[in-house]
Structures are given as C-alpha cells and as structure tokens.
Amino acid sequence: VGIGVTDPSQGLTLKTPASGDAFFIKDRSSTDDIIRMSYGGATDEGLLDILKDNAIKIRFRANASSYMIGGSFGIGTTSPSEYLEVNGGNAKITSSSNVYLSLDTTQTNGDEWHIFNAVSGTKSGLQFKDIDTSKLVMLLQEDGKVGIGESAPVGGLVVRTDDVDATASANVSQ
C-alpha cells in the first residue's frame with residue numbers, strides 16, 4: 001500500500017508532501033494531533049513529534065536537537081522517580097576531548113559545579129570545579145595524588161586554603 005507514491009516498496013510506504021507536515025495521528029475524542037511525522041527543514045531529515053493538547057512534548061530530530069518536556073524518562077524502569085533514571089545498568093559519557101557532568105542550581109546564590117574528567121599532557125584526573133568562580137576545588141589524579149584547593153599536588157594529599165597551606169604524604173600498607 002502506498003500513500004504519496006505510485007510504486008510502494010514495502011508493506012506500507014508513505015511519502016511526505018512537498019511542503020508542510022507530513023502525517024498525523026489524531027486524538028480519538030478531539031481534533032488534536034497526538035503524533036506528527038515530518039521532515040525537519042532539511043532534505044532527508046526525519047522529524048517525529050509527540051504532542052499533548054496540540055503542544056509538542058517530545059521531539060526527535062535526525063540531524064538537530066531533540067527534547068522532552070514534562071514527565072520523567074526511564075531506562076530499565078517503567079516508573080522513573082527523577083527526570084532521568086537508569087536502573088539495572090550504567091551510564092557512560094565518552095568524548096575525544098575532556099568530558100564533564102554539570103550540576104547547576106538556579107536558586108539565588110547557587111553555583112554551577114562540574115565533575116570533570118580532564119586530560120593534561122599524559123595524565124588524567126577527576127576535577128570538582130565551581131564554574132561560577134572558575135575555581136578548581138578538588139583534584140584526584142590518576143597516580144593517586146589528591147589536591148584540595150591545589151591544581152598540581154606534589155604529595156599524596158595537598159590541602160591549600162587562603163589561610164593555611166598544608167601538605168601531607170603518607171604510605172599506608174598492611
């Protein structure tokens with residue numbers, strides 16, 4: 001069966017019109033759209049909208065930003081208790097450059113924090129940064145050295161504050 005084509009190649013083939021949205025699934029009790037399929041303004045770029053009360057709540061675009069408004073998203077769960085919940089597995093962020101997780105509160109005097117996997121030369125480290133003040137608060141280096149208020153710890157543990165500098169190194173074995 002074909003819609004918009006004269007020679008369907010599959011069991012059901014739908015072809016988008018030259019302009020405007022392509023296909024709609026309407027609500028059973030109103031004239032509202034609940035699913036809209038189209039192209040995203042670029043040739044061969046698919047677009048899928050899921051709507052509620054004719055407002056887009058979920059948008060998937062093949063070659064641009066996708067989003068979800070309202071509700072929670074679960075992976076491995078049918079009842080997520082947070083905006084994003086991963087159950088029964090791990091989450092992974094990969095990149096060919098430095099990667100970070102951003103934690104940002106919009107409350108008054110709230111700071112944005114990054115947990116940052118940073119590579120410097122041949123070493124990598126896990127950094128905790130206050131982005132609003134551009135301050136590295138803590139660094140965990142891959143060689144086990146820890147810096148609190150220090151970006152280049154030379155001992156096992158280096159603590160640096162505005163008032164006191166303290167450096168401690170220890171070897172502990174059992």
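Taken over the range 75-132, residues that are hydrophobic (A, V, I, L, M, F, W, C) and in contact with an Asp or Glu (Cβ under 8 Å, 6 or more places away or on another chain) amount to 4. Comparison of I25, I58 shows that the only residue that is open to solvent by less than 60 Å² (accessible area, probe 1.4 Å), touching a strand residue (DSSP E or B) at 6+ places or on another chain (Cβ under 9 Å) and either modelled with pLDDT under 85 or not in a loop (DSSP other than H, G, I, E, B) (or both) is I58. Just so you know, in the range 116-133 the residues that are within 22 Å of the chain's Cα centre (by Cα) and in a loop (DSSP other than H, G, I, E, B) include one that is surrounded by the fewest Cβ atoms within 10 Å (Cβ to Cβ), and it is D132.
Only one of the numbered conditions (1) of a type in the set (V, I, T); (2) under 30 Å from T77 (Cα atoms); (3) in a strand (DSSP E or B); (4) open to solvent by 70 Å² or more (accessible area, probe 1.4 Å) is not met by T106, and that is (3). Residues in the range 64-84: is at least one assigned to a strand (DSSP E or B) and either touching a residue at least 24 places away in the same chain (Cβ under 8 Å) or among the hydroxyl-bearing types (S, T, Y) (or both)? For the range 64-84, residues assigned to a strand (DSSP E or B) and either touching a residue at least 24 places away in the same chain (Cβ under 8 Å) or among the hydroxyl-bearing types (S, T, Y) (or both): present.
The values are calculated or read from the model by the stated rules, or taken from the named source; none is laboratory data. This is a predicted model, so every value here is computed, not measured. A quick note on method: Cβ atoms are made from the backbone with ideal geometry, for glycine too, and the neighbour counts reach across all protein chains shown. In case anyone asks, the SASA skips ligands and DNA or RNA and just uses the protein heavy atoms, side chains included. Shrake-Rupley method; radii C 1.70, N 1.55, O 1.52, S 1.80 Å.
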